[in-house]
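Here the structure is laid out as structure tokens; the discussion comes afterwards.
The values are calculated or read from the model by the stated rules, or taken from the named source; none is laboratory data. Bear in mind the structure is a predicted one, so any value in this text is a computation, not a measurement. For neighbour counting, all protein chains shown are included, and Cβ atoms are generated from backbone atoms with ideal geometry for every residue, glycine included.
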Amino acid sequence: MALKNSNSQAEILEVSRIALQNVQTNPIIKPLMEEMGYNTAKIDEGKNLLELAKEQFNTHQIIEDAKAKAYQEFEDLRLEIEAKYAKDRKKAKIVFRKEILTFKELGLKGILPKSYVKWLETVNKFYNLINTDATLLTKLETLQVTQQHVTEIISQINNLENLRANYIQSKGNMQNATKVKNAAFKSLEEWISEFYAVARIALEEEPQLLESLGKQVKS
């Protein structure tokens, strides 16, 4: 059992649960394993590791969902702003095509930066310059780039920055949760691996009983 993904970890939880439950309820297996030192106290040790792994697995799922939601909220708003800016940029290029300095100041020359930080800087500068320069705004109003429109987008940009901060934080939370979860699974795997190694010896004369502990046995 290797730590590869959430599906394999879900399988580890199920196999471990079956093994720890059936080792105490099977009348043939129980005494044989007790002779090998797997009494109630030893099995409880495994159960505690199982419960911890299960708890961390569920916590990770919750944090992963929160991260996905945070990213989606950020990305939805980013795409909305991107679409509005693309349209407003085209309008500004028409209005200021003969004003070289203004054209350059508004970032209308060349192609848009691909990195998020540079893109945001360009968009932010575009709307803030228009917002603080009545002359620019007056010229753009002929193409429906109004004060209200600019104010709304500036507000959306501020919200976008907050959503990105929230996403970055949730991303960090998930990285930490993954580390804690994998540590819990490593401890469980080590315990279960040793458990099965002992079970093979204890059930040497009845190897098919290993299947009762969740371990597949070749016929």
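Residue check: is Ala184 surrounded by 16 or more Cβ atoms within 10 Å (Cβ to Cβ), among the hydrophobic types (A, V, I, L, M, F, W, C) and either within 26 Å of Tyr85 (Cβ to Cβ) or touching a residue at least 60 places away in the same chain (Cβ under 8 Å) (or both)? Answer is yes for this residue.
The residue that is surrounded by the fewest Cβ atoms within 10 Å (Cβ to Cβ), counting only those in region 92-105 that are of a type in the set (D, E, K, R), in contact with a helix residue (DSSP H, G or I) (Cβ under 9 Å, 6 or more places away or on another chain) and outside any loop (DSSP other than H, G, I, E, B), is Lys93.
Residues of region 194-210 that are exposed (fewer than 12 other Cβ atoms within 10 Å of the Cβ) and at pLDDT below 95: Glu204, Glu205, Gln208. Yes or no: Arg89 under 13 Å from Phe195 (Cα atoms), surrounded by fewer than 18 Cβ atoms within 10 Å (Cβ to Cβ) and among the charged types (D, E, K, R)? Taking the combined requirement at face value, the residue does not satisfy it.
Does Ala41 satisfy being under 30 Å from Leu106 (Cβ atoms) and without any contact (Cβ under 8 Å) to a residue 12 or more places away in the chain? Taking the combined requirement at face value, the residue does not satisfy it. Applying the criterion of being under 37 Å from the mean Cα position of the chain (by Cα) and of a type outside the set (A, V, I, L, M) to the residues of region 136-150, the residue that is surrounded by the fewest Cβ atoms within 10 Å (Cβ to Cβ) is Gln148.
Residues are listed down the side, and each one gets a yes or a no for (1) exposed (fewer than 12 other Cβ atoms within 10 Å of the Cβ); (2) out of contact with any Pro (no Cβ under 6 Å at 6 or more places or on another chain); (3) of a type in the set (S, T, N, Q); (4) closer than 30 Å to Gln61 by Cα:
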site	(1), (2), (3), (4)
Gly107	no, yes, no, no
Gly110	yes, yes, no, no
Lys118	yes, yes, no, no
Phe126	no, yes, no, no
Ile130	no, yes, no, no
Ala134	yes, yes, no, no
Glu152	no, yes, no, no
Ser155	yes, yes, yes, no
Glu161	no, yes, no, yes
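In this structure, Gln156 qualifies as part of a helix (DSSP H, G or I) and closer than 20 Å to Glu80 by Cβ.
When you check Thr178 against the structure, is it loosely packed, with under 14 Cβ neighbours inside 10 Å, touching a residue at least 40 places away in the same chain (Cβ under 8 Å) and in a helix (DSSP H, G or I), yes or no? Considered against the rule, which asks whether it is loosely packed, with under 14 Cβ neighbours inside 10 Å, touching a residue at least 40 places away in the same chain (Cβ under 8 Å) and in a helix (DSSP H, G or I), Thr178 comes out as no. Within region 107-135, the set of residues being modelled with pLDDT of 95 or more, hydrophobic (A, V, I, L, M, F, W, C) and under 29 Å from the mean Cα position of the chain (by Cα) comprises Val117, Trp119, Leu120, Val123.
Reported count of residues in region 10-28, each being of a type in the set (Ser, Thr, Tyr) and surrounded by 13 or more Cβ atoms within 10 Å (Cβ to Cβ), is 1.
May I ask you to say which residue of Leu163, Leu188 is under 30 Å from Glu34 (Cα atoms) and part of a helix (DSSP H, G or I)? Exactly one of Leu163, Leu188 is under 30 Å from Glu34 (Cα atoms) and part of a helix (DSSP H, G or I), namely Leu188. For first residues located in region 66-87 and touching a residue at least 12 places away in the same chain (Cβ under 8 Å) and more than 23 Å from Leu143 (Cα to Cα), partners that are surrounded by 14 or more Cβ atoms within 10 Å (Cβ to Cβ) and of a type in the set (Phe, Trp, Tyr) and lie 6+ apart or on another chain with Cβ distances below 7 Å form the pairs Ala70/Tyr167; Tyr71/Tyr167; Phe74/Tyr167. Note on region 7-37: among residues that are touching a Ser or Thr at 6+ places or on another chain (Cβ under 9 Å) and in a loop (DSSP other than H, G, I, E, B), the one that is farthest from Thr59 (Cα to Cα) is Ile28.
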